[in-house]
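As structure tokens, the structure follows; a few thoughts come after it.
The values are calculated or read from the model by the stated rules, or taken from the named source; none is laboratory data. Everything numeric in this text was worked out from a predicted model, so none of it was measured. All Cβ positions, glycine included, derive from the backbone under ideal geometry; neighbour counts span all protein chains shown. When the accessible area is computed, the model is the full protein with side chains, heavy atoms only, and any ligands, DNA or RNA have been set aside. Shrake-Rupley method; radii C 1.70, N 1.55, O 1.52, S 1.80 Å.
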Amino acid sequence: MSSSAAGALARTVRLLHRCEDGVLAVLLGSMVLLAPAQIVLRNFFGTSLSWGDPLLRMLVLWVGLLGALAATRGDRQIRVDALSRALPPRARLAARVTTQLFASFVAGLVAWVALRLMLSEFAYGSSAFAGVPAWLCQAVIPFAFGGIALRQLVQLAEELRGASAPGADGP
């Protein structure tokens, strides 16, 4: 890849990461505002927003899944790797390849099943709350898990490229 193409790709990736962070900030900010508003409305005015609680539940789902996607961005997802630290470099790389492939496969499978569910909800036309289509609320599931699967594969490719570089001893 030429240096200009690599630079353009890096800028695009940074822009996508900023957009991802922005969406997370807006969703989290909405939760921070809506939850106390519901409490105040209930405790002091004896009412609430009928769509507030279902929206909060949906926002928790979105923040959780988009947060998991963001965590995979910098390879910061939760991992149990105590055993891999004791392995020699080649075995550590083999363990990493195996776990990255498995994680990508599972995330891709979840994305595929969630996409089928979302399309089924779209065809059925069900509503989640306040006229919001259920498929729209569920759209984050295949998106996030598909993104996680893709990021796992990209990280694996980068790691393998680094391990095959001249003078590389492995991870």
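Pairing the Cα long axis of helix 89-124 with the longest principal axis of the chain, what angle in degrees results, from 0 to 90 and rounded to the nearest 10?
30 degrees
Which ³J(HN,Hα) values in Hz, rounded to whole numbers, follow from the phi angles of the stretch 136-151 under the Karplus curve 6.51 cos²θ - 1.76 cosθ + 1.60, where θ = phi - 60° and Gly and Pro get x?
Karplus values, whole Hz, x for Gly and Pro: 5, 5, 7, 4, 5, 5, x, 5, 5, 5, x, x, 5, 4, 5, 5.
Could you look at the stretch 45-108 and say what percent of its accessible area is carbon and sulfur, using a 1.4 Å probe and all protein chains? Intermediate values should be presented prior to the final figure.
Working: 2800 of 4030 Å².
Ligands and nucleic acids excluded, carbon and sulfur reach 70 percent.
So for the pair residue 160, residue 113, with labels modelled 7 Å out along Cα→Cβ, what separation do we get in nm?
So the two model labels end up 2.6 nm from each other.
Charges only on Cβ, +1 for Lys and Arg, -1 for Asp and Glu: so what's the dipole of the stretch 57-158 about the Cα centre, in debye to the nearest 20?
On the way: 10 positive and 4 negative charges, 76 e Å.
Here the size comes out at about 360 debye.
In square angstrom, rounded to the nearest 10, how much accessible surface does residue 45 have for a 1.4 Å probe?
140 Å²
Averaged over every viewing direction, what's the projected area of the C-alpha convex hull for the chain? Give it in nm², one decimal, please. Working shown, then result.
Numbers: hull surface 54.2 nm².
Dividing the Cα hull surface by four gives the mean projection, 13.5 nm².
For the Cα atoms of the chain, what angle does the longest principal axis make with the long axis of helix 3-45, in degrees from 0 to 90, nearest 10?
In the chain, helix 3-45 runs at an angle near 30 degrees to the longest axis.
So if I place +1 on the C-beta of Lys and Arg and -1 on the C-beta of Asp and Glu, and nothing else carries charge, what would the dipole magnitude of the chain be about its Cα centre? I want it in debye, nearest 20.
The dipole of the chain has a size of about 280 debye.
Once you compute Rg and the Kirkwood Rh from C-alpha atoms, what is the Rg to Rh ratio for the stretch 1-41? Each step should come with its number before you reach the end.
Values: Rg = 17.7 Å, Rh = 12.5 Å.
Over the Cα atoms of the stretch 1-41, Rg/Rh equals 1.42.
At most 16 other Cβ atoms within 10 Å and a DSSP loop assignment: could you name the trypsin sites (Lys or Arg not before Pro) in the stretch 54-146 that fit? Walk me through the numbers on the way to the answer.
Numbers: sites: 57, 73, 76, 79, 85, 90, 92, 96, 116; in loops: 76, 79.
Sparse-neighbourhood loop trypsin sites (Lys or Arg not before Pro): 76, 79.
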